[in-house]
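Working notes, beginning with the structure itself.
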Amino acid sequence: MHVVIVGNGVAGFTAALRLRELDPACRITMISGESTYPYSRPALMYVFMGHMRYQETKPFEDRVWAEQRIELVRAWVTRIDTEGKRLELHEGQPLSYDKLLLATGSQPSLYGWPGQDLPGVQGLYSLMDLHALYQNVQGAKHAVIVGGGLIGIELAEMLHSQGVHVTFLVREDAYWSNVLPAEESAMVTRLIREAGIDLRLSSELAEIHAGPDGRAAAVTTKAGERIECQLVGLTAGVSPNTQLCQGTPIEAGRGILVDAHLQTKVPDVYAAGDCAEIVTEGEGKNLLQQVWYTGKLQGECVAKTLAGQATRYDAGLWYNSAKFLDLEYQTYGLVHAQPQAVETHGWWEHASGRLGLRVVAMDGAVTGFNAMGLRLRHRTCERWILERRSPGYVLEHLAEAGFDPEFTRRYEPEVVATLAAQLGVEATV
Ligand SMILES: Cc1cc2nc3c(=O)[nH]c(=O)nc-3n(C[C@H](O)[C@H](O)[C@H](O)COP(=O)(O)OP(=O)(O)OC[C@H]3O[C@@H](n4cnc5c(N)ncnc54)[C@H](O)[C@@H]3O)c2cc1C
């Protein structure tokens, strides 16, 4: 059996390695147009800022792939022939497959802004973007970044670290307010401004203008303001990369449509990671998961099915972590940006405005946590949510979830008292 994987991101490479473990005999080929060897996409910013070398972003040494008999092909797949089970590549011979896994990731969302294709305008997703940034930052004094999610703040930090003045245009009236509750959003907003980044809220890009040399030289906002700049970063979100489905019977909605086994309706074609949209049975919304750890989970799961052990994907409990400048953020379970009527939220924030903890409860059980500037133990938080522990129990045992004994010693009584009052429970430590 020849299994071909398109994409060598976390979903693709996890699937390849797991499949090799489960099926020592099958032939595995992994194709990517971006790089021969897998690397860690979230580490792109650290390479740019000089904190890591590219070589260090590779999750495995180059020799591993040959040792595991996983053939690596550096090429862009241009067409899938599902009848003939063949892939056409931008150069070289077509490749036949018995089973195909699409792990093509995401692509940056662009909204047809006038000037979006000018030199000096770019996104931040791939190694190609990293190389473009090395070029575009040369001589740049002022950059404008459009779109206030996690990638936007990373690009702002990267440019700011190189002494480029950054104006950050965010359409919403608070940073990442569709994901973060008001207090967390206000905390990050403050930190961005304190760092010297010119954050403009409720501000939308209208047009990017070229200078006499044909490169981006200014933007105008929908409010009519003109901002001179030499670099424009477009980071208004990403969407699943479904390009290869065009002209094939592989169905795509927002992502490549797959069932709970991560299988499309076309025999022997699967999808996993950022590109997959998992169709949920019943009334629930289809599942799109576009973070590193879910790519890994989906890669693991689809490998089992590819190896003949049909396995349903279990999305488990939601978890995500990120860094806003130097502020760590972790979220576990369900934490809605707008508290739901059935939920009770407790929020504690330190006077410094750099530490915060949110506990969410529903029907007498804790359902979510947000930690800002402090780190919680993944296993403990997950277990409490799955065991439906009461807010009182969680507050009384809060120290078990903390990594930092100094934090616990200094703040635990204050944190617990504040959260207990808001959650309407009694808890003493
Ligand atoms: C700058 C940045 C920072 C991030 N930081 C975090 C973070 O801190 N935490 C977190 O959880 N997530 C983070 N993410 C998201 C995370 O990187 C993605 O969720 C994850 O990489 C998705 O993995 P994947 O395997 O599905 O796809 P990808 O990593 O996107 O890999 C897909 C691969 O397929 C290749 N490909 C696509 N089409 C073709 C084709 N036609 N032919 C050949 N090859 C093709 C692409 O070139 C790419 O190499 C970040 C993303 C970015 C861009």
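Observations on the model:
- Pairwise label distance in nanometres, residue 52 with residue 110, each label 7 Å out on the Cα-Cβ vector: 2.7
- Gyration tensor over the Cα atoms of the chain: the corresponding equivalent ellipsoid has semi-axes (square roots of 5 times the eigenvalues, largest first) of 37, 31, 19 Å.
- Of all DSSP beta bridges in the chain, antiparallel share, percent nearest 5: 60
- Annotation: residue 131 carries an accessible surface of approximately 110 Å², with a 1.4 Å probe and no ligand, DNA or RNA atoms counted.
- When the GluC sites (Glu not before Pro) in segment 241-337 are filtered for DSSP coil states and for at most 10 other beta-carbon atoms within 10 Å of their beta-carbon, the remaining sites are 281, 283.
- Applying the criteria of a DSSP loop state and at most 12 other Cβ atoms within 10 Å to the trypsin sites (Lys or Arg not before Pro) of segment 1-56 yields 53.
- Among the GluC sites (Glu not before Pro) in segment 338-429, those placed in a DSSP loop whose Cβ has at most 12 other Cβ atoms within 10 Å are 387, 426.
- Scaled radius of gyration (Cα, divided by 2.2 N^0.38 Å) that segment 1-136 gives: 1.17
- Between the listed residues 334, 321, 345, the Cα displaced farthest toward the positive end of the dipole of segment 319-423, a dipole computed from Cβ unit charges relative to the Cα centre, is found at 321.
- Projecting the Cα positions of 19, 286, 187 onto the charge dipole of the chain (unit charges on Cβ atoms of Lys, Arg, Asp and Glu, taken about the Cα centre) puts 19 furthest along the positive direction.
- The chain: DSSP helices with Cα axial extent of at least 15 Å and average Kyte-Doolittle hydropathy no lower than -1.0: 10-22, 150-161, 182-194, 292-306, 405-423
- Across segment 62-67, coupling constants 3J(HN,Hα) worked out from phi with the 6.51/-1.76/1.60 Karplus curve, θ = phi - 60°, read 4, 5, 4, 5, 5, 4 Hz, and Gly and Pro carry x.
- Share of carbon and sulfur in the accessible area of segment 121-236 stands at 49%, probe radius 1.4 Å.
- The H on the amide N of residue 73, modeled in the peptide plane, is under 5 Å from the matching H of 30, 31, 32, each at least 5 residues off or on a different chain.
- Projected label distance in nm at residue 43 and residue 27, using a 7 Å step from Cα toward the beta-carbon: 3.1
- As a calculated quantity, the FRET efficiency between residue 138 and residue 421 at R0 = 51 Å, using C-beta atoms, amounts to about 0.40.
- Computed E for residue 428/residue 338 - FRET, C-beta separation, R0 30 angstrom, nearest 0.05: 0.45
- Unit charges on C-beta of K, R, D, E only; dipole of the chain, Debye: 540
- Residue among 324, 168, 60 with the largest mean-square fluctuation in a Gaussian network model of the chain, springs linking Cα atoms under 10 Å: 60
- 3J(HN,Hα) from dihedral phi, segment 351-357, Karplus parametrisation 6.51/-1.76/1.60, rounded to Hz, x for glycine, proline: 4, 5, x, 10, 9, x, 9
- Distance (nanometres) between label positions extended 7 Å along Cα→Cβ at residue 173 and residue 74: 5.0
- R0 of 56 Å, Cβ-Cβ distance residue 312-residue 202: FRET efficiency to nearest 0.05: 0.85
- Positive dipole terminus of the chain, leading residue within 140, 361, 72 (C-beta point charges): 72
- Dipole size of segment 121-236 about its Cα centre, with +1 on Lys/Arg Cβ and -1 on Asp/Glu Cβ: approximately 240 debye, rounded to the nearest 20.
- Distance from the alpha carbon centroid of segment 104-175 to that of segment 372-429 works out to 38 angstrom.
- Label zone at residue 131 (point 7 Å along Cα-to-Cβ), backbone N below 19 Å, segment 85-105: 90-92
- Accessible area of the chain divided out per residue, in Å², using a probe of 1.4 angstrom: 45
- Placing +1 on the Cβ of every Lys and Arg and -1 on the Cβ of every Asp and Glu, with nothing else charged, gives segment 227-352 a dipole about its Cα centre of roughly 260 debye.
- Percent of alpha-carbon pairs separated by more than 18 Å within segment 264-402: 63
The values are calculated or read from the model by the stated rules, or taken from the named source; none is laboratory data. No experiment lies behind these values; they were computed from the predicted model shown. Here the Cβ is made from the backbone with ideal geometry for all residues, glycine too, and neighbour counts use every protein chain on show. Remember, those area values only see protein heavy atoms, side chains included, never the ligands or the DNA or RNA. Shrake-Rupley method; radii C 1.70, N 1.55, O 1.52, S 1.80 Å.
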